[in-house]
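This report refers to the structure that appears directly beneath it.
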Amino acid sequence: MNIGSASQPTDFALDVLGRYVCNSFDEALANSDASYRSTARDLNGNSLPPRGDMRPFDFIVIGGGTFGGAVAEQLFYRSTGRNERILVLEGGPFLLPEHWQNLPSMSLGGEVWGVPWNSNTNDFQGLAFCIGGRSIFWGGWSPRLLDSETATWPQAVLDDLNAKKLANGDSGYLRQSGQQIGVTETNDYIFGDLHNALRDVLFDAIESGKVSDAMKLSTLPEAPPVEILDTAPALADLAAMLGIPLPNPLPADTAKLEKDLRNKLKLEAPLAVQARSGHAGFFPMNKFSTTPLLIKAARSAVNEAPGDDVSKRLMIVPRCHVQRLSVVNETLGRRVDAVITERGPVPVSPDCKVIIALGTIESTRLALLSFGQDGRIGSNLVAHLRSNIDFRVPRAALAALPPGLKALQASALFLKGQHQFKKPDGTSDGVGHFHFQITASGLDDINTNSEAELFQKIPDVDTILQHLHADDSHVVITIRGIGEMEPGNPASNVTRDLNPAQIDYNERRAYVNLNASAKDMELWEAMDKASDELAAVFANGQKIDIIARNKSIKAQGVDAATYPSVVPHQIKNAAGLTVNNPERRDGLGTTHHEAGTLRMGDNASDSVTDVNCRLHGVQNTYLAGPALFPSTGSPNPMLTGIALARRLGDHLLPPPPQSLDSVNYLFNGTQKSADFFAKWKMAGGGKFRIVGRSLIAQPGGGIGLLYYTGEQFDNFTLRLDFCLPHPRGNNNDNSGIFVRFRDPRKPVLPGTPGPDVPGNDATVAVDTGYEIQIDEQARGDSRKKESDGSPEKDGHPYNRTGAIYKVKTFGNSPGQQNYTNAQKLAAGLWHSYEIKVTDRTYSVKLNGEPSTVFTADPADPTEKFRGRKKSEDPDSGFIGLQVHTGTVAFANIRTE
């Protein structure tokens, strides 16, 4: 078994990164599953000591690529202080620590690429089997979906994606995604005189209607660097974003100037590149990939639990292909109870969530293999239409260029298009969307020494060779068109391969049908027509040189109007059939943007997953990635996919709710730590930690009590929210709310039956107050005895969540509690308590439902010391939170 190995040497390198970031399959299982650990051995053949504190994984992420990496990182930092454990299973190895364009000239060829499915086209580029997946190879273009591109998406999802602020005060998820991947900054990577000149040419062309189907800039949303602002930018701010000076003097019509500046910013390429650090002394992120996210989270997990994999919150297991999911039928629906991998099964505990985050086609294949064909899984396959033209214009075409400009420069611009479809009678038949990614370089004598520089400057790395034709007299321009495919095409889908011999890791391969509809072909034609017009715009009446797909000059010194004849949109093949021209149009499936086959929806009859990305009819299985998209629009799916991954992370581990029903907050998450702990004091073992708006128990050294000293209470209502990361299983979460107890700092009153634990001041609350219990397992106290003299068993209702702890008789008479709670609290979600104390009566509501009512019996001799008002005992009337077992989280503690 590979448990505890050191960094492994190869003939060429020492695999420090792989060892410091990843765990082996044996390490993951031996430190989460007791039965596996019982037979495990370390590298020296020694058995591993048993661990009573070992927990199973709370989340299993299948796929450590683009979106699996994003959701795993989001879950890891959402669970800070709460100890949820995350396992990432990745089929490929650890390859690179960041995007390959951050590593000069690191052309990796086909090292990790594969196409594990069969299809009706040979154009698919497949998957990058490695940590980070395709995110370490992508171009970086990240435009935002328009409202018209998401018309069929669930409204609840759109509300969360598009919001400036969510109900909890966080930014909306597209804002979060934009900031995370770096598209909210502009002109920190692409800027300069060449860029400014080309942008002005493009702006004037759109404003004057020279490009068919180009969307009016005034109808588009604000550019990312403007949208992300909470206050309107000044003119100087807009000019700075564009990298240009303001006119001096300012024109009389400053409103038009502001409008023009805002619209020009909408032409800036939304690139996932951060070229300037946000803080002095920090290196910039450069081009985004999810590998650094996983590295940071993995190393943080090591630092939290140095040398102890049992306590490690995140494990990444590479070279571990998942074959299928084992599914059981239960009362609440189907549930995944094991993940079957090439290295063996991974058990899935009842509260564990499984997140499928493979590429669209492989996620669909896994769903088909595990849950069966239902007519919905695999339908609605969409991808992108893509065309490319490359040409060279003389610098004379760009009149705004300074004459003395010689330095090598690059430009990247973005144009959005929308094509109106018409029915035969001329009425509207919907719209199709496309966009252009425009890159340019030139103004230096390009030679072979410039290739590395261009490699890092040009966003689309597969256009580098074309740009080597630039020189100090000519600028090379690439126009890449990306168009959406029509959703709901019955001719495009993913199924299991009908040939049983077609297997991959002992399971049936997928078969992919991807076909363009009539609308797709009409949109493709409109997009190519617009790109021809764009070429003429940039030529500005000058002759151009057309560069062929083989990177050579196909036509030299020709009129731009001849472009569609030199490089036609379609051609006749050898059989005389009209086909797409490969010198212009890429094959279907070459964009890596497959989507739609596990789409979200409000209605289970026409969608595969619900608005929270969970498979309909499966309790514990969720999806991440573009497979969720009901439609794809024209943008690269990265921005939206990362936004949905962050939203999924927040759904699975939600932040505390915002509560506005009281002004008397004892804790609302806004207090500074020093101010909070000035009024809240700790007695006994353990401690509490403030993480965001949460207060999280940290057990250790016996039972502890955090109690409020700012006020003592007579009659009151206490409200709070709490979260149980591990409500069930070994060492499950166990805590409680104590009310009306004596000051632990005061001497024990004579005659008090306590202390419950000698020498532990925290147990004063047990002796002199009442505890509203938090324990889904209703653990028994081994010090207490059953009627037969045996240690108290688990499961008694008076030890369970919502009960007044250890009030053992039930009913409505004094001294009895009327316990009615039948809820089973979900792991990782926030639940609420309302505890009303009036004289000697204690009423409890759990999640708004009555849980118990108890009236103390004045004839009970122990009541002389318990639950006293401050008016009855000046040292009584305190409230507090227990530290027992588990990292129970609390929030929104308030009283009335």
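The values are calculated or read from the model by the stated rules, or taken from the named source; none is laboratory data. The shown structure was predicted, so the numbers you read here are calculated from the model rather than taken from an experiment. Quick reminder, even Gly has a Cβ in these numbers, built from the backbone with ideal geometry, and neighbours come from all protein chains shown. Accessible surface is based on the protein model in full, side chains and every heavy atom, while ligands, DNA and RNA are left aside. Shrake-Rupley method; radii C 1.70, N 1.55, O 1.52, S 1.80 Å.
One residue stands out among those in segment 411-423 that are open to solvent by 40 Å² or more (accessible area, probe 1.4 Å) and either at pLDDT below 95 or basic (Lys, Arg) (or both): the one that is nearest to the chain's Cα centre (by Cα), which is Lys422.
Residues to consider are Leu108, Leu89, Leu103; find the one that is among the aliphatic types (A, V, I, L, M) and open to solvent by less than 20 Å² (accessible area, probe 1.4 Å). Answer to the selection: Leu89. The condition of being within 29 Å of Leu666 (Cα to Cα) and either open to solvent by 50 Å² or more (accessible area, probe 1.4 Å) or in a strand (DSSP E or B) (or both) holds for Glu771. In segment 18-32, the residues that are more than 19 Å from Glu304 (Cβ to Cβ) and of a type in the set (Phe, Trp, Tyr) reach residues that are open to solvent by less than 10 Å² (accessible area, probe 1.4 Å) and not in a loop (DSSP other than H, G, I, E, B) with C-beta atoms within less than 8 angstrom, at least six apart or across chains, in these pairs: Phe25/Val317; Phe25/Thr341. Checked against the criterion of being surrounded by fewer than 19 Cβ atoms within 10 Å (Cβ to Cβ), within 30 Å of Ala526 (Cα to Cα) and not aliphatic (A, V, I, L, M), the candidates Asp237, Asp200 yield just one match: Asp200.
Exactly one residue among Pro270, Pro225, Pro251 is open to solvent by 30 Å² or more (accessible area, probe 1.4 Å) and closer than 28 Å to Val537 by Cα, and that residue is Pro251. If a residue has to be open to solvent by less than 70 Å² (accessible area, probe 1.4 Å), farther than 22 Å from Glu711 by Cα and not acidic (Asp, Glu) to count, how many in segment 845-883 make the cut? So the count comes out to 10. Contact annotation: residue pairs with Cβ atoms under 6 Å, 6 or more positions apart or on different chains, pairing a residue in segment 417-437 that is part of a loop (DSSP other than H, G, I, E, B) with a partner that is open to solvent by 10 Å² or more (accessible area, probe 1.4 Å), are Lys423/Asp429. Answer yes or no: is there a residue in segment 599-608 that is polar (S, T, N, Q) and at pLDDT below 95. Yes, segment 599-608 has at least one match.
Residue by residue, here is whether (1) more than 29 Å from Ala510 (Cβ to Cβ); (2) open to solvent by 20 Å² or more (accessible area, probe 1.4 Å); (3) in contact with a His (Cβ under 9 Å, 6 or more places away or on another chain); (4) touching a residue at least 24 places away in the same chain (Cβ under 8 Å) holds:
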| site | (1), (2), (3), (4) |
| --- | --- |
| Val327 | no, yes, no, yes |
| Glu342 | no, yes, yes, yes |
| Val346 | no, no, no, yes |
| Gly359 | no, no, yes, yes |
| Leu368 | no, no, no, yes |
| Arg376 | no, yes, yes, yes |
| Leu401 | yes, no, no, yes |
| Gln409 | yes, yes, yes, yes |
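Counting only strands (runs of 3 or more DSSP E) that sit wholly inside segment 272-380, those with at least 1 residues that are under 23 Å from the mean Cα position of the chain (by Cα) and more than 23 Å from Gln180 (Cα to Cα) are 314-317, 322-330, 333-341, 353-356. Residues that are more than 27 Å from Arg480 (Cα to Cα) and either in contact (Cβ under 8 Å) with a residue 24 or more places away in the chain or open to solvent by less than 50 Å² (accessible area, probe 1.4 Å) (or both) within segment 500-533 comprise Gln502, Asp504, Tyr505, Asn506, Glu507, Arg508, Arg509, Ala510, Tyr511, listed in sequence order.
Going through (1) in contact (Cβ under 8 Å) with a residue 24 or more places away in the chain; (2) over 21 Å from Ala70 (Cβ atoms); (3) among the acidic types (Asp, Glu) one by one, Asp237 falls short only on (1). The condition of being at pLDDT below 95 and within 21 Å of the chain's Cα centre (by Cα) holds for only one of Arg41, Arg82, that being Arg82.
Highlighted here would be helices (runs of 4 or more DSSP H) found entirely within segment 134-209 that include at least 3 residues which are among the aromatic types (Phe, Trp, Tyr) and touching a residue at least 24 places away in the same chain (Cβ under 8 Å), but there are none. Only one entry of Asp714, Asp721 meets the criterion of being open to solvent by 20 Å² or more (accessible area, probe 1.4 Å) and either under 21 Å from Arg55 (Cα atoms) or out of contact with any Leu (no Cβ under 6 Å at 6 or more places or on another chain) (or both), and that entry is Asp714.
Can you name the number of the only condition in (1) in a loop (DSSP other than H, G, I, E, B); (2) open to solvent by 10 Å² or more (accessible area, probe 1.4 Å); (3) in contact (Cβ under 8 Å) with a residue 24 or more places away in the chain; (4) not hydroxyl-bearing (Ser, Thr, Tyr) that Pro635 fails? Unmet condition: (2). Condition check for Arg728 on (1) within 27 Å of Thr838 (Cα to Cα); (2) touching a residue at least 24 places away in the same chain (Cβ under 8 Å): one failure, at (1). Total residues in segment 672-692 satisfying the condition of being of a type outside the set (A, V, I, L, M) and open to solvent by 50 Å² or more (accessible area, probe 1.4 Å): the figure is 9.
Considered as a group, the residues in segment 289-310 that are open to solvent by less than 10 Å² (accessible area, probe 1.4 Å) and among the small types (Gly, Ala, Ser) include one that is nearest to Gln101 (Cα to Cα), and that residue is Ser289.
Each row is one residue, and each column tells you yes or no for (1) part of a helix (DSSP H, G or I); (2) in contact with a Cys (Cβ under 7 Å, 6 or more places away or on another chain); (3) open to solvent by 80 Å² or more (accessible area, probe 1.4 Å).
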| position | (1), (2), (3) |
| --- | --- |
| Asn2 | no, no, no |
| Phe12 | no, no, yes |
| Arg19 | yes, no, no |
| Asn23 | no, no, no |
| Glu27 | yes, no, no |
| Ser32 | no, no, no |
| Arg37 | yes, no, no |
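The residue that is nearest to the chain's Cα centre (by Cα), among those in segment 753-768 that are aliphatic (A, V, I, L, M) and open to solvent by less than 40 Å² (accessible area, probe 1.4 Å), is Ala762. Selection of segment 811-852 for residues being more than 28 Å from Leu749 (Cβ to Cβ) and hydrophobic (A, V, I, L, M, F, W, C) yields Ala822, Leu825, Ala826, Ala827, Leu829, Trp830, Leu846.
Scanning segment 775-794 for residues that are open to solvent by less than 70 Å² (accessible area, probe 1.4 Å), under 19 Å from Gly729 (Cβ atoms) and among the small types (Gly, Ala, Ser) yields Ala778, Gly780. Condition check for Pro582 on (1) touching a residue at least 12 places away in the same chain (Cβ under 8 Å); (2) touching a strand residue (DSSP E or B) at 6+ places or on another chain (Cβ under 7 Å); (3) of a type outside the set (Phe, Trp, Tyr): one failure, at (2).
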